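Peer 1: Sharing a structure, written as structure tokens. Questions coming.
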Amino acid sequence: MAVPKDAVWDRDPHTAAKHDLLQQYLKAWAPILLSRHDVISYAEGFAGAGVYKQGEPGSPVIAYNVFADALLHRSPKRMRVILMEEDARRVEELQRQMALVHCLHTDDITKRLAVDIRHGDFHPALLEKLRSIGALGKPLFVLLDSFGGPDIPYSLLHELGRYPSTEVMVTFEPSFLTRFAENHDGHRQLGDEAFGSREWQAVFQQPSSHKFTFLREQYRDTLRQAGFTHTLYFEMVDEGGRKLYLIFGTQHERGLEKMKDAMWKVDPSYGVRYRDPRDTQQQMLDLEFEPDTAPLRRILRDFISEAPNGLTIPELKQYALLETVYRPAQVISTVRQLREAGVVTTQPRAINVKTRVTLAAAPPTTNPPAEQGALW
Ligand SMILES: C[S@@+](CC[C@H](N)C(=O)[O-])C[C@H]1O[C@@H](n2cnc3c(N)ncnc32)[C@H](O)[C@@H]1O
């Protein structure tokens, strides 16, 4: 997507998918955290205008509505929303949009849902603001949704990652670095600041087909270095064919699980797809009501084959959660399919937490007979 010049611009399908994902996740995040804490915070470094050309809501408005619902019946719990935007025209529009959405909710809600809109460069102002209101160290979700950068300094991620209850979601667009940084000192320096080291520069030695994947995995490593032990990415292609990644970082397995639930709920009509990094065939996955679990079957088969004594269902679920794009809830039906195809055996036969799954004595060859073809 060319960077829009107007204060308000058209919402493209990948933005709609991003909003769907954000909304689904916040709908889980806010109630869980509010049930245990008196006050939680949400921040955006790149808030935008709060609205798109055809009147569709921007991320701050979407988040506000989710939080207003979450605060219903949870008095006296409170939320703080901090929004930064550097374009003065967008700030003005954002103020108008936030005032409009404010009017849709009762006084009881709005006085417990404080919104602070700041005009200016997000860094270091956002961090200073979060520190000054005591939001660091308490539950905090930070959306850093730039046009793709690289413009998020590693030092900011590192500071946020020091606090276990902070989660981040960052937009990362790899093509700027692969196209323009190799022969440009200034651009390479932007990359170094974003990644917090120079290791990403090995991208210049990667084959073209591998460059984006390489940078995506480097960026996930960057988030891990910053303290976000679990990361998940969401691949989007804009209408100009440019690849963008939304990368989520958390220090909690529960956060990871809820983000995966959100991923699989995104409206498939936006055409967003996933690819599991562990799938040797790198199959693209359409989001469907019945998701395609063929890659999960391959991944679990490979994982089970490395364990001579087999693995339990909880071990397989943990692996699916931490190492794949799939959800633990998808494991049991996948094991059942593997067993029906003669790939694994289960002991006992009933599949529950005590079941041990072992590779079958004579697994099918890599060219399965025709009737099993559909499985792979
Ligand atoms: C992708 S848009 C944000 C869209 C918004 N998150 C949404 O989903 O509705 C990025 C925004 O960041 C703003 N921006 C760019 N650089 C910035 C900076 N250094 N500090 C704060 N805002 C910035 C742009 O003006 C633009 O409005």
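Peer 1: Starting from segment 52-79, keep only residues that are closer than 26 Å to Asp10 by Cα and modelled with pLDDT of 95 or more, then list their pairs with residues that are of a type in the set (Phe, Trp, Tyr) and part of a strand (DSSP E or B) whose Cβ atoms are within a distance under 8 Å, requiring at least 6 positions of separation or different chains.
Peer 2: Matching pairs, first to second residue: Ala63/Tyr42; Phe67/Tyr42.
Peer 1: Across segment 124-157, which residue is surrounded by the fewest Cβ atoms within 10 Å (Cβ to Cβ) among those that are touching a residue at least 12 places away in the same chain (Cβ under 8 Å) and of a type in the set (Ser, Thr, Tyr)?
Peer 2: Keep residues of segment 124-157 that are touching a residue at least 12 places away in the same chain (Cβ under 8 Å), which gives 124-127, 129-130, 133, 135-157.
Then keep just the ones that are of a type in the set (Ser, Thr, Tyr); that gives 146, 154-155.
Details: Ser146: 16, Tyr154: 19, Ser155: 14.
Only one residue fits best here, namely Ser155.
Peer 1: Kindly indicate the residue of segment 6-30 that is in a helix (DSSP H, G or I) and of a type in the set (D, E, K, R) and also farthest from the chain's Cα centre (by Cα) among those meeting that condition. Even if it seems obvious, please write down each step before you answer.
Peer 2: Restricting attention to segment 6-30, the residues satisfying the condition of being in a helix (DSSP H, G or I) are 13-30.
Of the ones still in play, those that are also of a type in the set (D, E, K, R) are 18, 20, 27.
Working: Lys18: 9, Asp20: 12, Lys27: 14 Å.
Here the answer is Lys27.
Peer 1: Still on this model: Output the number of residues of segment 226-265 satisfying the condition of being assigned to a loop (DSSP other than H, G, I, E, B) and of a type outside the set (Phe, Trp, Tyr). Step through it out loud before you land on a result.
Peer 2: Taking segment 226-265 and keeping what is assigned to a loop (DSSP other than H, G, I, E, B), we get 226-229, 238-242, 251-252.
If we keep only those that are of a type outside the set (Phe, Trp, Tyr) as well, we get 226-227, 229, 238-242, 251-252.
Here the count works out to 10.
Peer 1: Restricting attention to segment 43-64, report how many residues are more than 21 Å from the chain's Cα centre (by Cα) and among the hydrophobic types (A, V, I, L, M, F, W, C).
Peer 2: Total meeting the criteria: 2.
Peer 1: Among the residues of segment 174-192, is any modelled with pLDDT of 95 or more and either over 30 Å from Gly240 (Cα atoms) or within 16 Å of the ligand (Cβ to nearest atom) (or both)?
Peer 2: no
Peer 1: So, in segment 1-28, of the ones that are of a type in the set (Val, Ile, Thr) and either within 9 Å of the ligand (Cβ to nearest atom) or under 12 Å from Val266 (Cα atoms) (or both), which residue ends up modelled with the lowest pLDDT?
Peer 2: Let us first name the residues in segment 1-28 that are of a type in the set (Val, Ile, Thr), namely 3, 8, 15.
Those still in the list that are either within 9 Å of the ligand (Cβ to nearest atom) or under 12 Å from Val266 (Cα atoms) (or both) too: 3, 15.
Numbers: Val3: 86, Thr15: 91.
Filtering first and then ranking leaves Val3.
Peer 1: Here's something else I'd like to know. Would you tally the residues in segment 244-292 being touching a Leu at 6+ places or on another chain (Cβ under 9 Å), β-branched (Val, Ile, Thr) and modelled with pLDDT under 85?
Peer 2: Total satisfying the criteria: 2.
Peer 1: A further question follows. Given the condition within 14 Å of the ligand (Cβ to nearest atom), surrounded by 18 or more Cβ atoms within 10 Å (Cβ to Cβ) and closer than 24 Å to Leu232 by Cβ, answer yes or no: does some residue in segment 158-165 qualify? Please lay out each step first, then the result.
Peer 2: First, the residues of segment 158-165 that are within 14 Å of the ligand (Cβ to nearest atom): none.
Looking for residues that are within 14 Å of the ligand (Cβ to nearest atom), surrounded by 18 or more Cβ atoms within 10 Å (Cβ to Cβ) and closer than 24 Å to Leu232 by Cβ, one finds none in segment 158-165, hence no.
Peer 1: Which ones in segment 232-254 are buried (at least 16 other Cβ atoms within 10 Å of the Cβ) and free of Cβ contacts under 8 Å to residues at least 24 places away in the same chain?
Peer 2: Start the filter on segment 232-254 by keeping residues that are buried (at least 16 other Cβ atoms within 10 Å of the Cβ), which leaves 232-236, 238, 242-251.
The answer is Tyr233, and nothing else.
Peer 1: Taking the conditions exactly as written (surrounded by 14 or more Cβ atoms within 10 Å (Cβ to Cβ), in the same structural domain as Lys18 (by TED's automatic domain parsing), touching a residue at least 24 places away in the same chain (Cβ under 8 Å) and over 24 Å from His252 (Cβ atoms)), does Ser175 satisfy them or not? Before you say what the answer is, go through the steps one by one.
Peer 2: Values: surrounded by 14 or more Cβ atoms within 10 Å (Cβ to Cβ): yes; in the same structural domain as Lys18 (by TED's automatic domain parsing): yes; touching a residue at least 24 places away in the same chain (Cβ under 8 Å): yes; over 24 Å from His252 (Cβ atoms): yes.
Yes; evaluated as a whole, the condition is true for this residue.
Peer 1: So if I check each of Gln318, Gln330, which one is under 21 Å from Thr231 (Cα atoms), touching a Pro at 6+ places or on another chain (Cβ under 8 Å) and surrounded by 16 or more Cβ atoms within 10 Å (Cβ to Cβ)?
Peer 2: Details: Gln318 fails: surrounded by 16 or more Cβ atoms within 10 Å (Cβ to Cβ).
After applying the criteria, what remains is Gln330.
Peer 1: Going through segment 63-92 one residue at a time, which ones are within 10 Å of the ligand (Cβ to nearest atom) and surrounded by fewer than 19 Cβ atoms within 10 Å (Cβ to Cβ)?
Peer 2: Taking segment 63-92 as the starting set, the residues that turn out to be within 10 Å of the ligand (Cβ to nearest atom) are 63, 83-91.
Result: Glu86, Asp87, Ala88, Arg89.
Peer 1: From (1) within 13 Å of the ligand (Cβ to nearest atom); (2) among the aromatic types (Phe, Trp, Tyr); (3) free of Cβ contacts under 8 Å to residues at least 60 places away in the same chain, pick out the condition that doesn't hold for Tyr42.
Peer 2: Of everything listed in (1) within 13 Å of the ligand (Cβ to nearest atom); (2) among the aromatic types (Phe, Trp, Tyr); (3) free of Cβ contacts under 8 Å to residues at least 60 places away in the same chain, Tyr42 misses just condition (3).
Peer 1: Does Arg96 qualify as being more than 26 Å from the chain's Cα centre (by Cα) and within 16 Å of the ligand (Cβ to nearest atom)?
Peer 2: On the way: more than 26 Å from the chain's Cα centre (by Cα): yes; within 16 Å of the ligand (Cβ to nearest atom): yes.
Against the criterion (more than 26 Å from the chain's Cα centre (by Cα) and within 16 Å of the ligand (Cβ to nearest atom)), Arg96 qualifies.
Peer 1: Let me ask you something else. If you check Ile332, Ile304, which single one turns out to be of a type in the set (A, V, I, L, M, F, W, C) and free of Cβ contacts under 8 Å to residues at least 40 places away in the same chain? Write out each step before concluding.
Peer 2: Working: Ile304 fails: free of Cβ contacts under 8 Å to residues at least 40 places away in the same chain.
The match here is Ile332.
The values are calculated or read from the model by the stated rules, or taken from the named source; none is laboratory data. Treat the numbers as computed from the prediction; the structure is a model and nothing was measured. Cβ coordinates were reconstructed from backbone atoms using ideal geometry, including for glycine residues, and neighbour counts include every protein chain displayed.
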